[in-house]
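Undergrad: Input: one structure, supplied below.
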Amino acid sequence: DEERLDDARMRLARFYFANVWMPETLAILDLLKEMSPGIVDDMNFRAIRGAAFFQTGAYSEAKNDLYHSSLDGDAEIALWRAALAAKEENWVQATRGFDGSDNFLERYPASLQVPLGLLAAEASYRVGGLDLAEARLRGLRVLDLRAADSGRVEYLEGRIRLARRDLDGAIILWDQVA
């Protein structure tokens, strides 16, 4: 039965997404769309596909899905819309979108928490919310960060210290990154 197959394909797409296998997620969603063209009107389909597009750097496609009217008012989608706004350097909109998103972000695997958390911290920093930016970076520090991610955290911490007129502290952090 086609409905059961669609359900199984959607579960598989969620599994791939949760494991940060974005090309596989998009491939199964393409198959799902091909087999059931009406699925593109499903908010779950749009949400997963939009987030997967975002993760692959296909921001225009992500925006088409994540700003679909069926997703308006969804608190978790606000997180992804904020990430898009940050990529567009619309820091005020990004900061607004990231407000209240921490509960969703904490449920994501570290491989999603880190890049989204860094965007949230940078958005806060860019609008002058230095305390919130530092708090978000502290939240990332408890995760098992890869060296590159740790460097990105330290770099942003250095920029925050510089904004606080702590040049020596910033230089110490930046020396660690270099």
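The values are calculated or read from the model by the stated rules, or taken from the named source; none is laboratory data. What you see is a predicted model, and the numbers here were worked out from it, not measured in a lab. Note that we place each Cβ from the backbone using ideal geometry, even for glycine, and neighbour counts take in every protein chain shown. Ligands, DNA and RNA are stripped out before the accessible areas are found, and what is left, the full protein with its side chains, is counted by its heavy atoms. Shrake-Rupley method; radii C 1.70, N 1.55, O 1.52, S 1.80 Å.
Undergrad: Is there a residue being under 30 Å from Val142 (Cα atoms) and either among the hydroxyl-bearing types (Ser, Thr, Tyr) or in contact with an Asp or Glu (Cβ under 8 Å, 6 or more places away or on another chain) (or both) anywhere in segment 54-71?
TA: Looking for residues that are under 30 Å from Val142 (Cα atoms) and either among the hydroxyl-bearing types (Ser, Thr, Tyr) or in contact with an Asp or Glu (Cβ under 8 Å, 6 or more places away or on another chain) (or both), one finds at least one in segment 54-71, hence yes.
Undergrad: How many residues are closer than 19 Å to Glu88 by Cβ, open to solvent by less than 50 Å² (accessible area, probe 1.4 Å) and part of a helix (DSSP H, G or I) if we restrict to segment 37-57?
TA: 5
Undergrad: One residue is enough: does segment 98-113 have a residue meeting the conditions of a type outside the set (Lys, Arg), in contact with a Ser or Thr (Cβ under 9 Å, 6 or more places away or on another chain) and open to solvent by 10 Å² or more (accessible area, probe 1.4 Å)?
TA: No: zero hits.
Undergrad: Of all residues in segment 1-36 being over 17 Å from Gly50 (Cβ atoms) and not in a helix (DSSP H, G or I), which is least open to solvent (accessible area, probe 1.4 Å)?
TA: Ser36
Undergrad: Right, here's the next one. Helices (runs of 4 or more DSSP H) wholly in segment 127-178 with at least 1 residues that are of a type outside the set (Val, Ile, Thr) and within 21 Å of Phe98 (Cα to Cα) - which ones?
TA: Hits in segment 127-178: 130-141, 147-163.
Undergrad: Another one. Six or more apart or on different chains, Cβ atoms under 9 Å: show the pairs whose first residue is in segment 162-178 and closer than 17 Å to Ala147 by Cα and whose second is open to solvent by 100 Å² or more (accessible area, probe 1.4 Å) and not charged (D, E, K, R).
TA: Leu173/Tyr155; Trp174/Tyr155; Val177/Tyr155
Undergrad: Next question. Applying the selection to segment 67-76, what residues are part of a helix (DSSP H, G or I) and open to solvent by 10 Å² or more (accessible area, probe 1.4 Å)?
TA: Of everything in segment 67-76, those that are part of a helix (DSSP H, G or I) and open to solvent by 10 Å² or more (accessible area, probe 1.4 Å) turn out to be Ser69, Ser70, Ala75, Glu76.
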